[in-house]
1. Taking other Cβ within 10 Å of each residue's Cβ, how do A:4, B:14, A:39 sort, fewest first?
2. Dipole size in debye (nearest 20) for the range B:2-78 around its Cα centre, Lys and Arg Cβ +1, Asp and Glu Cβ -1?
3. Can you work out the Karplus-derived ³J(HN,Hα) for every residue in the range B:54-61? Use 6.51 cos²θ - 1.76 cosθ + 1.60 with θ = phi - 60°, whole Hz, and x for glycine or proline.
4. Quick one: Karplus J couplings for the range A:64-75, per residue in order, coefficients 6.51, -1.76, 1.60, θ = phi - 60°, nearest Hz, x for Gly and Pro?
5. Between the range B:13-83 and the range A:46-63, how far is it from one alpha carbon centroid to the other, in angstrom?
6. How long are the semi-axes of the ellipsoid equivalent to the protein assembly as shown, from square roots of 5 times the Cα gyration tensor eigenvalues, in whole Å, largest first?
7. Please state, to two decimals, what the Cα-based radius of gyration of chain A comes to when divided by 2.2 N^0.38 Å (N = residues).
8. How many nm separate the modelled label positions at residue B:20 and residue A:49, each set 7 Å beyond the Cα in the direction of the Cβ?
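Laboratory data are not the source of any read-out in this text; all were calculated from the coordinates shown. These numbers come from a predicted model, not from an experiment. Please note: Cβ atoms are built from the backbone with ideal geometry, for glycine as well, and neighbour counts cover all protein chains shown.
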Protein chains: 2
Amino acid sequence: MINVHVYITLKEGVLDPQGQAVQRSLTALGYDEVDTVSVGKWLKLEMSDGADVESRVEQMCEQLLANPVIENYTYYVEREEKV
Amino acid sequence: MINVHVYITLKEGVLDPQGQAVQRSLTALGYDEVDTVSVGKWLKLEMSDGADVESRVEQMCEQLLANPVIENYTYYVEREEKV
């Protein structure tokens, strides 16, 4: 089994109300040093390895995990080192 | 300004209905190789640097960003290399 870490973020220019709400709350709590907050999703997929893992993960992202209109995705595959 | 990347994940043993829902959807779409999905949050804080950045970020996590009962958090500070 391998772990694939997928990071989903909003595209540049897309409004981030969640990030704005967190930033306002941090300021209200006295953390004035925080200028901007961006909020995104992180998914860890535990899955079986295969030659086409990368293309399968990209299909999953484009088909379900990320909204291609407003979101970007990046991922990396974590394979156990064979000792 | 610096960027602080905060990753918030559910603690071991805490039910992850969102992860289960994503996993079921992936299976329904034919991605049988995916065994388990864990869903978490990723936040990027753009903030001013300071000697106590680490302790301030930990306070923000414990006070607002992560729910200490069911969530773990990790973070790393991304500072621009001074050339």
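1. Working: A:4 23, B:14 12, A:39 20.
Final ranking by Cβ density, sparse to dense: B:14, A:39, A:4.
2. 260
3. For the range B:54-61, the Karplus-derived couplings read 4, 5, 5, 5, 4, 4, 4, 5 Hz, x marking Gly and Pro.
4. Once rounded to whole Hz, the list reads 9, 6, 10, 8, x, 6, 10, 10, 9, 9, 9, 8.
5. Answer, in whole Å: 21.
6. On the way: eigenvalues 186, 57, 56 Å².
Whole-Å semi-axes of the equivalent ellipsoid: 30, 17, 17.
7. For chain A, the normalised Cα radius of gyration is 1.41.
8. For residue B:20 paired with residue A:49, the spin-label model returns 3.0 nm.
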